[in-house]
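Okay, so here's the structure we're looking at.
The values are calculated or read from the model by the stated rules, or taken from the named source; none is laboratory data. No experiment lies behind these values; they were computed from the predicted model shown. Cβ: placed from backbone, ideal geometry, glycine included. Neighbour counts: every protein chain shown. Calculation scope for accessible area: heavy atoms of the full protein, side chains included, ligands and nucleic acids excluded. Shrake-Rupley method; radii C 1.70, N 1.55, O 1.52, S 1.80 Å.
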Amino acid sequence: EQSGDLRTALAGVREARSCLELLLEVEGQLERAPTVTVNVGTVLVEVQQVILNALAPYPEARLAVAAALQGGGVVLE
């Protein structure tokens, strides 16, 4: 940098950054795995509602399905 060779200085900075990233990754402080977030909450609630509405003429079946959904960790709204 002092000699005015900015290209070499920037290459040094890139190398230092790469070394730092590798060190953090090895120590478990940098996660490189991609993160995927899937939000199906709204669709799930709609499907539950359709099923329970379809079972309205069959109260015993409706209760059984509602209980099964709740027992499986599904929140009925």
Apply the Karplus curve 6.51 cos²θ - 1.76 cosθ + 1.60, θ = phi - 60°, to the phi angles in segment 10-18 and return the couplings in whole Hz, x for Gly and Pro. 5, 5, x, 4, 4, 5, 4, 5, 4
Spelling out what I want: for every residue of segment 44-60, take phi, set θ = phi - 60°, compute 6.51 cos²θ - 1.76 cosθ + 1.60 (Karplus), and round to whole Hz; glycine and proline get x. 4, 4, 5, 5, 4, 4, 4, 5, 5, 5, 5, 8, 3, x, 10, x, 5
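Only Lys, Arg, Asp and Glu count, each charged at its Cβ (+1, +1, -1, -1), so figure out the dipole size of the chain about its Cα centre, rounded to 20 debye. Write out the running numbers ahead of the final one.
Numbers: 5 positive and 10 negative charges, 44 e Å.
That gives the chain a dipole magnitude of about 200 debye.
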Pop out the carbon and sulfur fraction of the accessible area of the chain as a percent, whole number, probe 1.4 Å. 60
Of the candidates Thr37, Pro57, Leu24, the farthest towards the positive dipole end of the chain (Lys/Arg Cβ +1, Asp/Glu Cβ -1, centred on the Cα centre) is Pro57
If the chain were replaced by its equivalent ellipsoid, with semi-axes equal to the square roots of 5 times the Cα gyration tensor eigenvalues, what would those be, largest first, whole Å? 61, 14, 6
